[in-house]
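Heads up, the thing below is written out as structure tokens.
The values are calculated or read from the model by the stated rules, or taken from the named source; none is laboratory data. Bear in mind that the values here come from a model prediction, so they are computed numbers and not experimental data. Positions of Cβ are backbone-derived with ideal geometry, glycine not excepted, and every protein chain shown enters the neighbour counts. The area values use the complete protein model at the heavy-atom level, side chains included, leaving out ligands, DNA and RNA. Shrake-Rupley method; radii C 1.70, N 1.55, O 1.52, S 1.80 Å.
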Amino acid sequence: MSDKKPIGSCEEVFTAYGDLLFRLCFIMLGNEADAKDAVQDTVVSYLTKKDGFKNADHEKAWLITTAKNKCRDVFRFKLRHREINIDDLQELLPDKTDLNCIEALMSLPEKYRLVITLYYVEGYRVNEIAKIIGKTPSAVKMRLQTGRKMLQEIYLKEGF
Amino acid sequence: MNHENLKISAQKIIMSDETKKELIKKCEKIMEVKKMNKKNSIVKHAVIIAVVSACLCCTAAGAAYHGFFKDIFRYDGAVVGTKYEQATNEIKVSVTAYSGKLTVVAEAVEPSAFPYAAFDNMNLNDYKIVDSNGKTVIDSLPAETSDYADGKAEIIIPFQNIENGDYKLIINSFVGESKGDQPLVISGEWEIDFSF
């Protein structure tokens, strides 16, 4: 008997992964409208997928990779620098400490932002992140190290 | 502040229930359109095969055609919208001309069918009016929908300072609108002769 995980319904995928995808896309894109579009595109790609997944972890990793690629499409389409919508951010994070923390993360370049988010927020390991983003574990470690350093500099500069 | 705080702060970024419901609705609608598009594409292919194998004449095949949805692609291949094509047999058009006004009545043959059932309004998109010499006298001037209900739209084209004579209205597309959705362009070929 196959233990493959079949494609779930629209509601199931939003219930299980909606917040994760929204958080990731929001951190990557900096505003709610673009994040919603990227989540929508990701879920539509998921629902049109014909094959199932090896297991739930495979499904989650596939969704993260697809969301990352959708965010990249938005970057390419806009052909300009990302705009962080501070109003959207304040609405989601009314607490100033949280706001400063996420604002610092969002000000990092894309490649560091993604790796830091997957490692610290979603709890993925270096090897798992390497598989998701298609890089070597040592490249992930380097990005984590540089990202951490950059965050530390922002914290010191802003006096958090 | 340390990096571990990131997790606590970031996990407060969640989708509101309202946003979740809105996105679920949108995704389901896109999937419905995609399924319908696929279904229509199969029907279209089946019709073509039937035409080829049975050697039916073109007129008979044309009558069997239905409209179909088609994706609009961006430069990088991503789908950015949908249009509806080959709707000639799905919308009946009639025209009344009087005192500086041209009233076009566009009526969906099956108003309860998708996409017509979803519209709140329907208007002309790409059209022109030519005189008996073939000269264009009006080209896609903004028209106004005075009434829309049950797939039937009454559209008024401002038609002033035009000499009396015979004219032809050529419509290449309509546009259907529903609240919260991107307008849907419905393409086809409609030609109606009228005198003014």
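Within the stretch B:114-165, being out of contact with any strand residue (DSSP E or B) (no Cβ under 8 Å at 6 or more places or on another chain) and in a strand (DSSP E or B) holds for one residue alone: B:149. Taken over the stretch A:123-133, the criterion of being within 14 Å of chain B (Cβ to nearest Cβ) and either farther than 16 Å from residue B:5 by Cα or crowded, with 17+ Cβ neighbours inside 10 Å (or both) is satisfied by A:124 alone. Within the stretch B:137-193, being of a type in the set (S, T, N, Q) and modelled with pLDDT under 85 holds for B:140, B:145, B:146, B:160, B:161, B:164, B:178, B:182.
Restricting to the stretch A:1-23, give me the number of residues that are open to solvent by less than 40 Å² (accessible area, probe 1.4 Å) and more than 9 Å from chain B (Cβ to nearest Cβ). Steps first, answer last, please.
Step one: of the stretch A:1-23, the residues open to solvent by less than 40 Å² (accessible area, probe 1.4 Å) are A:8, A:10, A:13-14, A:17-18, A:20-23.
Filter again for more than 9 Å from chain B (Cβ to nearest Cβ), leaving A:8, A:17, A:20.
Count: 3.
Of the candidates A:70, A:60, the single residue that is outside the structural domain of residue A:125 (by TED's automatic domain parsing) and modelled with pLDDT under 90 is A:70.
Report, by residue number, each residue of the stretch B:152-187 that is under 17 Å from the mean Cα position of the chain (by Cα) and closer than 16 Å to residue B:95 by Cβ. Write out each step before concluding.
So the first thing to find is which residues in the stretch B:152-187 are under 17 Å from the mean Cα position of the chain (by Cα), and the list is B:152-155, B:170-187.
Hits for the stretch B:152-187 are B:152, B:153, B:154, B:155, B:170, B:171, B:172, B:174.
Here residue B:12 meets each of (1) at pLDDT 75 or above; (2) over 30 Å from residue A:144 (Cβ atoms) with one exception, condition (2).
Looking at the structure I just gave you, is residue B:53 at pLDDT below 85, part of a helix (DSSP H, G or I), open to solvent by 60 Å² or more (accessible area, probe 1.4 Å) and away from chain A (no Cβ under 14 Å)? Judged against the criteria, residue B:53 is a match. Look at residue A:53 and say whether it is in contact with a helix residue (DSSP H, G or I) (Cβ under 9 Å, 6 or more places away or on another chain), away from every other protein chain (no Cβ under 12 Å), open to solvent by less than 10 Å² (accessible area, probe 1.4 Å) and over 26 Å from residue A:104 (Cα atoms). Spelling it out, residue A:53 is indeed in contact with a helix residue (DSSP H, G or I) (Cβ under 9 Å, 6 or more places away or on another chain), away from every other protein chain (no Cβ under 12 Å), open to solvent by less than 10 Å² (accessible area, probe 1.4 Å) and over 26 Å from residue A:104 (Cα atoms). Give the residue, chosen from A:136, A:117, A:66, that is buried (at least 18 other Cβ atoms within 10 Å of the Cβ) and more than 10 Å from every other protein chain (Cβ to nearest Cβ). None of the others qualify; the one that does is A:66.
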